[in-house]
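First comes the structure, then the notes that go with it.
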Amino acid sequence: MTQRAQRLIELVRDVDRRLVVGVAVIVVIAIGVVAVSSGGGQAASGPKGPPANTAKVEKGRLSDAVSQSGTLTFRARPDGSPYSVINQAEGTYTGLPNPGETVGCGDVLYRVQKHPVLLLCGNVPAYRDLHSGQRGADVRQLNDNLHRLGYDAEPGDNEFTAQTRAALDGLQRDKRLVVTGKLGIGDAVFLPESARIAEVSVQLGGAAQPGAEVMQATSDTPEVQVDLDPSRQNAVKRGDHAQVTLPDNSSVTGRVKRVGGVTAAPAAQGAATTQDPNAAAPTIPVYIALDHPDKARGLDQAPVQVEITTKGVANVLSVPVTAIVGRGDGYAVEVVRGDGQHELVTVKPGLFDTADGRVQVEGALSAGDDVVVPSL
């Protein structure tokens, strides 16, 4: 297919399928196919002509797709924002991680007064000291962490028992913490999962203030964010298949994990109003989980190309887009019969498969028929 035809097919993706016929005319004219005038919409036969470049009418499944650029990033909150790490210890920051480092649950996240502050996994933030006799969801997530880290605590138990204390003592000894029999509010930070440090908000030697943000973090799992045009909001849904082309031209598959709401793009510095014609248009963030995320590690904020398969039709006839010919009353394809006769057959275009450059057609055609296409 010519580059001009490919560029026009890209436009087809962004046009309402009810306007597909008009788009087909544009494609035909741009690739140099001469429109043929004919009345009544009936198939027209012509004399036997010289050998033509042909393609087969195929029967099978066609898919539609949304294709646009995206950014490789790391999974975080459902809205794409990073986790905020809130410090509860008092003193001076004496150890901080670097952006890009990963910290597992149970590992040291940072240090205050040389005292390790651990990262533990859970959705309930630290808001009190945990000690014997207490109950609650925060105690349950402590027991869950201790069990996952190999200590003898009962997972799912929401009570701080003697078993919990013995397990916590073991963790504190192994991490060179003071064995206190309790987990102080400043001893650990709870995040939903292991963390990749996105940004550090404080400096070594700075004052550690309880309740202040010390850093932002994401998960260590790569994902792709696509800023979708709002006009395609109904086309893309959770679970849709996607193919992501990485900067080295290798590809990895994935699925749409989350679809956000319409998000206004941040205004450019100095822009007076959102009516500024140069202001970026609002978009819908779409997040794609990769089937094999290890293939994309180390590529934070890398540009990628994304093809999301949004819908399809099964068991239909299709021809190359370049085979469509405009007529005064509709559209047709030029069929080369077995005896060499050329016949113009009226067709009704349907779904475009932009990945394969084919279009669904309805008309007096059969699978295996030869249709004329422009020479490459």
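The values are calculated or read from the model by the stated rules, or taken from the named source; none is laboratory data. Values in this document were obtained by computation on a predicted structure and should not be read as measured data. Positions of Cβ are generated from backbone atoms using ideal geometry, with glycine treated the same way; all protein chains shown enter the neighbour counts. Heavy atoms of the whole protein, side chains included, go into the accessibility calculation; ligands, DNA and RNA do not. Shrake-Rupley method; radii C 1.70, N 1.55, O 1.52, S 1.80 Å.
I'd like the full set of residues that are of a type in the set (D, E, K, R) and under 21 Å from Leu62 (Cβ atoms), limited to segment 335-376.
Going through segment 335-376, the residues of a type in the set (D, E, K, R) turn out to be 337, 339, 343, 348, 353, 356, 358, 362, 369-370.
Correct list: Lys348, Asp353, Asp356, Arg358, Glu362, Asp369, Asp370.
Residue by residue, here is whether (1) surrounded by 16 or more Cβ atoms within 10 Å (Cβ to Cβ); (2) under 38 Å from the mean Cα position of the chain (by Cα) holds:
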{"residue": "Val306", "(1), (2)": "yes, yes"}
{"residue": "Ser318", "(1), (2)": "yes, yes"}
{"residue": "Lys348", "(1), (2)": "no, yes"}
{"residue": "Ala364", "(1), (2)": "no, no"}
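Just to be sure before I move on: is Val117 modelled with pLDDT of 95 or more and farther than 30 Å from Pro285 by Cβ in the structure I sent?
On the way: modelled with pLDDT of 95 or more: yes; farther than 30 Å from Pro285 by Cβ: yes.
Yes; evaluated as a whole, the condition is true for this residue.
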Practice task
Among the residues of segment 123-138, write down those that are out of contact with any Leu (no Cβ under 6 Å at 6 or more places or on another chain) and either crowded, with 20+ Cβ neighbours inside 10 Å or not in a loop (DSSP other than H, G, I, E, B) (or both).
Solution key: Ala126, Arg135, Ala137, Asp138
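Pull up segment 172-215, narrow it to residues that are in contact with a Cys (Cβ under 9 Å, 6 or more places away or on another chain) and buried (at least 16 other Cβ atoms within 10 Å of the Cβ), then point me to the one that is farthest from Gln113 (Cα to Cα). Even if it seems obvious, please write down each step before you answer.
Going residue by residue through segment 172-215, those that are in contact with a Cys (Cβ under 9 Å, 6 or more places away or on another chain) are 190-195.
Keeping just the survivors that are buried (at least 16 other Cβ atoms within 10 Å of the Cβ) gives 190-191, 193-195.
Details: Phe190: 20, Leu191: 22, Glu193: 26, Ser194: 24, Ala195: 22 Å.
My answer is Glu193.
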Exercise for the section: Report yes if Thr102 is modelled with pLDDT of 95 or more and either open to solvent by 40 Å² or more (accessible area, probe 1.4 Å) or among the charged types (D, E, K, R) (or both), otherwise no. Expected result: no
Exercise for the section: Taking Asp339 as the residue in question, decide whether it is more than 24 Å from the chain's Cα centre (by Cα) and not in a strand (DSSP E or B). Expected result: yes
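Is there a residue being open to solvent by 60 Å² or more (accessible area, probe 1.4 Å) and farther than 29 Å from Ser67 by Cα anywhere in segment 320-329?
So the first thing to find is which residues in segment 320-329 are open to solvent by 60 Å² or more (accessible area, probe 1.4 Å), and the list is 328-329.
With the extra rule that they be farther than 29 Å from Ser67 by Cα, the set shrinks to 328-329.
Yes - at least one qualifying residue is present in segment 320-329.
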Practice task
Those residues that are over 18 Å from Ile284 (Cβ atoms) and touching a helix residue (DSSP H, G or I) at 6+ places or on another chain (Cβ under 6 Å), I need them from segment 57-102; list them, please.
Solution key: Leu72
Exercise for the section: Could you tell me whether any residue of segment 320-331 is within 30 Å of Gly254 (Cα to Cα), at pLDDT 85 or above and under 36 Å from the mean Cα position of the chain (by Cα)? Expected result: yes
Practice task
Any residue in segment 361-376 that's within 14 Å of Lys348 (Cα to Cα): show its pairings with residues that are open to solvent by 40 Å² or more (accessible area, probe 1.4 Å) at Cβ separation under 8 Å, as long as the two are six or more apart or on different chains.
Solution key: Val361/Lys348; Glu362/Lys348; Gly363/Thr346; Gly363/Lys348; Ala364/Ala43; Ala364/Thr346
Exercise for the section: Considering each of Val286, Val345, Val316, Val306 in turn, give the residue that is in a strand (DSSP E or B), touching a residue at least 24 places away in the same chain (Cβ under 8 Å) and out of contact with any Leu (no Cβ under 7 Å at 6 or more places or on another chain). Expected result: Val306
Handout entry: Failed condition for Asp169, given (1) out of contact with any helix residue (DSSP H, G or I) (no Cβ under 6 Å at 6 or more places or on another chain); (2) open to solvent by less than 60 Å² (accessible area, probe 1.4 Å); (3) not in a helix (DSSP H, G or I)
Key = (3)
